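Engineer: There's a structure below that I have some questions on.
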Amino acid sequence: MKISAFTFIKNGQILGYPFIQSIQSVLPIVDEFVINVGESEDDTLSLIESISSSKIRIIKSKWNDSMKDRGYVYGQQKMIAQFNCTGDWAFYIEGDEIYHEDDLSQIQSTMQNYLKNPSVEALVFDFYHFYGNANTYLDSPGWYRSEARIIKNSVRSYAPDGLFWVVLDQNKKGRYPRAKHTGVSCFHYGWVRSEEEMNLKSQKVQKYWGKEYVKVDYTQINSKIFKEFKGSHPKIIQSWLPKDIGIFNADSDYKLSSKEKKHQILLKIENIFSNDFSKKHYKLI
């Protein structure tokens, strides 16, 4: 079995991505790591080049800044990296996602277990979306709780906007991949970076979705979707994390949007009936 990991990154340093830790978190279990580095305004490329590993293969690209339709440029850049993977499995990792060292062997064994099973096209992870600090994560149907992050490289797939895969059985008809769960969680730290970095990120990337920049204020959120994290963070990210104590303090006077009100109702129904209304871009088999 050969395992490829892949990602794309641009301006990772100035936008506050822990992309070096992200790459290093899975290097022990992959045979190659394909990294598509967009033309950047910082030292992203040189930092990646400084990682001492023969597994890393770098591709340099220039983004199409005129592509502003629903994040499709992200799908383009993701697929540039994926199309260069040569393994049996292609493991997609975003620059703010980290995997725990204690889970690597289970991830690897799950890939081995389903390698020869033609019904299984992808593998799924649960997600911890940390918010504001390292002690707080979000639990709401408005935030995906699980997602496919590993796909067989023999499957005819593409990423419409970078976030998920569509499998093409026919040239003009797509579906979500058939998947099994790894039993492992992905640690997502995108909303732990400083507000300054998050606002710079928003300024630079909203245009790819055809949206106007709106200032980010971490306190403006429904604190009822907060949960306290009581586990251990991956060792490789611990020095990067803020040292705050306790649950993140949101604005107690924050007024919910209509979408958040809907999610709050769904969350109550979930708690009563043990349902999960969060979006899933895969079919669990």
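The values are calculated or read from the model by the stated rules, or taken from the named source; none is laboratory data. Owing to the predicted nature of the structure, the values given are computational and were not obtained by experimental measurement. Heads up, the Cβs are rebuilt from the backbone with ideal geometry, glycines too, and the neighbour counts pull from every protein chain shown. Quick note on the areas: whole protein, heavy atoms, side chains included, nothing else; ligands and nucleic acids left out. Shrake-Rupley method; radii C 1.70, N 1.55, O 1.52, S 1.80 Å.
Engineer: Taking every DSSP beta bridge with both residues inside the stretch 92-236, roughly what % is antiparallel (nearest 5)? Don't jump to the answer; show the numbers that get you there.
Structural biologist: Details: 16 of 24 bridges.
Of those bridges, close to 65 percent are antiparallel.
Engineer: Testing the spin-label approximation: label points 7 Å from Cα along Cα→Cβ at GLN170 and PHE83. State their distance in nm.
Structural biologist: Going from the GLN170 label point to the PHE83 one covers 2.5 nm.
Engineer: Rounded, prolate or oblate: which fits the stretch 1-96, taking a ≥ b ≥ c as square roots of the Cα gyration tensor eigenvalues, rounded meaning a/c under 1.5, else prolate when a/b beats b/c?
Structural biologist: Details: a/c = 1.98, a/b = 1.28, b/c = 1.55.
Since a/c reaches 1.5 but b/c is at least a/b, the shape of the stretch 1-96 is classed as oblate.
Engineer: Determine the percent antiparallel among the DSSP beta bridges restricted to the chain, to the nearest 5. List each step's numbers first, then the result.
Structural biologist: On the way: 19 of 45 bridges.
Here the share of antiparallel DSSP bridges comes out near 40 percent.
Engineer: Summarise the accessible area of the stretch 130-285 (1.4 Å probe, protein heavy atoms) by the percent that is carbon and sulfur.
Structural biologist: Answer for the stretch 130-285: carbon and sulfur cover 50 percent of the accessible area.
Engineer: Please calculate how many Å² of accessible area the stretch 194-285 carries per residue, with a 1.4 Å probe and no DNA, RNA or ligand atoms counted.
Structural biologist: Working: 6520 Å² over 92 residues.
It amounts to 71 Å² per residue over the stretch 194-285.
Engineer: Next up: Please report, in debye to the nearest 20, how large the charge dipole of the chain is about its Cα centre when each Lys and Arg carries +1 at its beta carbon and each Asp and Glu carries -1 there.
Structural biologist: Numbers: 38 positive and 34 negative charges, 246 e Å.
Computed charge dipole of the chain: roughly 1180 debye.
Engineer: In addition: Accessible area, 1.4 Å probe, largest first: how do ASP103, ASP244 sort? Could you put the intermediate results ahead of the total?
Structural biologist: Details: ASP103 40, ASP244 80 Å².
Ranking ASP103, ASP244 by accessible area, largest first, yields ASP244, ASP103.
Engineer: Which sequence of GLU121, GLU195, GLU260 reflects their accessible areas, 1.4 Å probe, from the largest down? Could you put the intermediate results ahead of the total?
Structural biologist: On the way: GLU121 15, GLU195 70, GLU260 45 Å².
Largest to smallest exposure gives the sequence GLU195, GLU260, GLU121.
Engineer: Once the piece of chain linking VAL155 and SER119 is laid out straight, how much longer is it, given 0.36 nm per residue of separation minus the C-alpha distance between them? Don't skip to the end; give the middle numbers.
Structural biologist: Numbers: separation 36, 0.36 × 36 = 12.96 nm, distance 1.09 nm.
So the chain would gain 11.9 nm between VAL155 and SER119.
Engineer: Moving to a separate point now. With 10 Å bins from zero, work out the P(r) of the stretch 191-285 over every alpha carbon pair and list the percent per bin.
Structural biologist: Result, from short to long distances: 12, 28, 40, 20, 0 percent.
Engineer: Here's another thing I want to ask about it. When only Cα pairs under 8 Å and 6 or more residues apart are kept, what is the percent relative contact order across the chain?
Structural biologist: Values: 560 pairs, mean separation 65.1, N = 285.
Here the relative contact order equals 23 percent.
Engineer: Any chance you could list the semi-axes, whole Å, largest first, of the equivalent ellipsoid that the Cα gyration tensor gives for the stretch 152-229, using √(5λ)?
Structural biologist: Working: eigenvalues 203, 83, 25 Å².
Ellipsoid half-lengths, sorted descending, are 32, 20, 11 Å.
Engineer: Two decimals is fine: what is log10 I(q)/I(0) at q = 0.11, 0.12, 0.14, 0.16 Å⁻¹ for the chain, from a Debye sum with one equal scatterer on every Cα and no solvent?
Structural biologist: Log-scaled intensity ratios, in q order: -0.67, -0.80, -1.13, -1.51.
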